[in-house]
Amino acid sequence: MARLFGQWGVFFRGFVEHPRMVGSIIPSSRYTIRKMLAPVDWNECRLFVEYGPGVGTFCGPVLDRLRRDGALVVIDTNPLFIEYLQKTITDSRFTAVHGSAADVQQIIRDLGHQEADYVLSGLPFSTLPEGVGPAIAQATHTVLRPGGAFLVYQFSAKARDYMAKHFSRIDNGFEFWNILPCQLFWGWKDRPSETV
């Protein structure tokens, strides 16, 4: 299927094989990508992490904006997507890891990083196995630097419930020009002076 339909074939196959772990049958629109990435301070971003990259819809736009000495690490439980990304993205700043987002701290440490500036997720929090969503939200808060953000796009508000336990500031948005229209959340990790 990948040979016949390229990126779309790989994405569709991934959805059919793991529908509860893939957020949508259609990759995100350029409008969603632009709005989701708008708050990122690219001059300060040294490590950008993405959970559930699928076929890399966000990877190109992130790499286009990322500083030359920055790094993009993507994590997915689907080996089909990881294999596809490793074959199609040759940028030296890019690393695709087969693993769980809940293990993000160990994954980035194994790659020589201590903390992330931004973490992006399109994982379908409403359909993840019980306990996985809260574990991911907690791990993400831990791995972010103070002032960093957890960027989440979803069709439901379930992710916000998990985020609210760890992020005191969550900005909300909505993107109509997406199939399906989606909710956008930016959870900001407090800086030390903001927690006093």
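What value does region 34-87 have for Rg/Rh, both radii from Cα atoms and Rh as Kirkwood defines it?
On the way: Rg = 11.5 Å, Rh = 11.8 Å.
Using only Cα positions, Rg/Rh for region 34-87 is 0.97.
Report the FRET efficiency, 1/(1 + (r/R0)^6), for residue 193 and residue 83, where r is their Cβ-Cβ distance and R0 is 35 Å, rounded to 0.05.
Working from the Cβ atoms, E equals 0.20.
Using the number of other C-beta atoms within 10 angstrom as an exposure proxy, rank 117, 64 with the fewest first.
Values: 117 21, 64 10.
So the ranking, lowest neighbour count to highest, is 64, 117.
Given a cut-off of 29 Å, name the pairs among 87/158; 158/189; 35/165 whose C-alpha atoms lie farther apart than that in the structure shown.
Values: 87/158 33 Å; 158/189 19 Å; 35/165 24 Å.
87/158, as the Cα separations exceed 29 Å there.
Quick check on the exposure proxy: order 141, 98 from fewest to most C-beta atoms within 10 angstrom.
Details: 141 18, 98 15.
The order, fewest Cβ neighbours first, is 98, 141.
Run the Debye formula on the Cα coordinates of region 37-139, all scatterers equal and no solvent, and tell me log10 I(q)/I(0) at q = 0.10, 0.11, 0.16 1/Å.
Rounded to two decimals, the profile gives -0.25, -0.30, -0.66.
Take region 119-194, compute every pairwise Cα distance, and split them into 10 Å bins from 0; I just need the percent in each bin.
So the P(r) values, bin by bin, are 20, 54, 23, 3.
Using the number of other C-beta atoms within 10 angstrom as an exposure proxy, rank 130, 50, 44, 115 with the fewest first. Present the calculation step by step, with values, prior to reporting the outcome.
On the way: 130 6, 50 25, 44 13, 115 16.
By the 10 Å Cβ count, ascending, the order reads 130, 44, 115, 50.
Throughout, read-outs are computed from the coordinates displayed, never taken from laboratory work. What you see is a predicted model; the values in this text were computed from it and never measured. Cβ sites come from the backbone with ideal geometry, for glycine too, and all protein chains shown count toward neighbours.
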